1. Among (1) more than 15 Å from Leu240 (Cα to Cα); (2) open to solvent by less than 30 Å² (accessible area, probe 1.4 Å); (3) assigned to a helix (DSSP H, G or I), there is one condition Val135 misses while meeting the rest; what is its number?
2. Report the residue count in region 113-128 for those that are free of Cβ contacts under 8 Å to residues at least 40 places away in the same chain and touching a strand residue (DSSP E or B) at 6+ places or on another chain (Cβ under 7 Å).
3. Mind checking which strands (runs of 3 or more DSSP E) fall wholly inside region 15-105 and carry at least 1 residues that are open to solvent by 30 Å² or more (accessible area, probe 1.4 Å)?
4. Can you name every one of the strands (runs of 3 or more DSSP E) wholly within region 196-305 that holds 2 or more residues which are in contact with a helix residue (DSSP H, G or I) (Cβ under 9 Å, 6 or more places away or on another chain), at pLDDT 95 or above and among the β-branched types (Val, Ile, Thr)?
5. Pick out the one residue from Ser355, Ser334 that is closer than 28 Å to Ala169 by Cα, out of contact with any strand residue (DSSP E or B) (no Cβ under 7 Å at 6 or more places or on another chain) and not acidic (Asp, Glu).
6. Those residues that are touching a strand residue (DSSP E or B) at 6+ places or on another chain (Cβ under 9 Å) and among the β-branched types (Val, Ile, Thr), I need them from region 133-161; list them, please.
7. Do the conditions hold for Ala119, that is, is it open to solvent by less than 50 Å² (accessible area, probe 1.4 Å), modelled with pLDDT of 95 or more and closer than 28 Å to Arg150 by Cα?
8. How many residues does region 363-374 contain that are closer than 30 Å to Val264 by Cβ and either in contact (Cβ under 8 Å) with a residue 60 or more places away in the chain or open to solvent by 90 Å² or more (accessible area, probe 1.4 Å) (or both)?
Amino acid sequence: MKKIELLAPAGNMEKLKTAVYFGCDAVYLAYKQFGLRAYADNFDAEQLKKAVEYCHVNGKKVYVTLNIFAHNADFSTMPDIIRLIDEVKADGVLVSDMGVLSEVKKYAPDLDIHLSTQANTTNKYAAAFFADLGVKRLVMARELTLDEIREIRDFVPPQVEIEAFVHGAMCISYSGRCLLSNYMSGRLSNHGECVQSCRWKYALMEETREGEYYPIEEDGRGAYILNSKDLNMIEYIDKLAAAGIDSFKIEGRVKTAYYVASVVGAYRRAIDWYYANPDNFVLPRDIANDIEKPGHRRYCTGFYFGRNNQSQCYDTSKPRQNYDFIALVTQRCSDGFIVEMRNRFKVGDELEVLSPTANHNKIIKVERMTDESGVDILDALLVQQKVKIYSSVLLNPGDMLRKKNASKIP
């Protein structure tokens, strides 16, 4: 059985290290230019080199995005960036524009080319065409069903890999080709500057009655008419594998490190469970519950099981979040561990462990804690305060603590 790749988002070095620690097989990230997440921190030349070195030391791969729809002016610096990506020994580059693809072949002929989902590969003939151009991996358009992906897998050469999104935010426009952000804010969607205008709340106003707004409602559910649910395929790992998908991609380069840890960790456990039970895959309830804990919009399965009229969320664009990220473990001690505070907590609180180890989902009751001077404290309320928690559960650097917050459950 071919090993499924778990591909994680890395908006900066912290998120990259988090993804690696929680079990990804590869990350995708962007240089400071030409990626479709311009408002992620992204990586300069030195950071890109360090990112690739870090991943390779840990046995992971790195794919760099050059997937904007390029204009003429973009090509003045494109060759230098392509050479840089090649020189740092990245494992592949994602493109959507045929001009960019041509430049990659010219300036880095040995660099693997992955065709971005932005290229809208929706049929096997287009897939074969791109394979003939030398594309190593095809990232499927989000509008495809599993049956259609299976047809594409069977049609293209076996050495051409298939990648598909399995989790995260969905774009209202066709495979992300949108001009709404351009029109509403002047920020170019297809240059990575999308402000997610589709998440805004809309109303009608008759042009001669300025200030008189008429709410748009569909069956009384609200006015977020362009707001899509999040994709979640964690319960269908077996079906994704049966469709011939080689790489399971998680969306989220502008999400938090806590989100990356939660989702990557859950999919790592789900994929490992699939390998242990390939003929009778049923997702354990604890993993299914885990995927509900990071902030997310309501979930759907996208288009994988056919055309879908249940993928819009009409009543709100706000994410659900019933757990708060409380602290990041930074150091292990003989009698406990040191954490960096992210949200306020107190002595007496019960905190849940987020970890790739056997400590995952254990509950720790905070019975004693001290500040950096060793002085006992009852309340950790200073942002990024270093606190020592005394506990028999010895956690590792990179583990996280979270706390259930019932008031945030919609």
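1. Here Val135 clears every test but (3).
2. 4
3. Values: elements: 26-30, 61-66, 92-95.
Those strands (runs of 3 or more DSSP E) span 61-66.
4. On the way: elements: 203-205, 213-215, 230-232, 247-250.
Result: empty, no element qualifies.
5. Working: Ser334 fails: closer than 28 Å to Ala169 by Cα.
Just a single option satisfies the conditions, and that option is Ser355.
6. Scanning region 133-161 gives Val135, Val139, Ile149, Ile152, Val156, Val160.
7. Values: open to solvent by less than 50 Å² (accessible area, probe 1.4 Å): yes; modelled with pLDDT of 95 or more: no; closer than 28 Å to Arg150 by Cα: yes.
Here the answer is no, as Ala119 does not meet what is asked.
8. Kept after step one, since they are closer than 30 Å to Val264 by Cβ, are these residues of region 363-374: 363-366, 369.
Pick out the ones that are also either in contact (Cβ under 8 Å) with a residue 60 or more places away in the chain or open to solvent by 90 Å² or more (accessible area, probe 1.4 Å) (or both) and you get 363, 365.
So the answer is 2.
The values are calculated or read from the model by the stated rules, or taken from the named source; none is laboratory data. Quick caveat: nothing in here was measured; it's all calculated off a predicted structure. Cβ: placed from backbone, ideal geometry, glycine included. Neighbour counts: every protein chain shown. All accessible areas refer to the heavy atoms of the entire protein, side chains included, with ligands and DNA or RNA removed. Shrake-Rupley method; radii C 1.70, N 1.55, O 1.52, S 1.80 Å.
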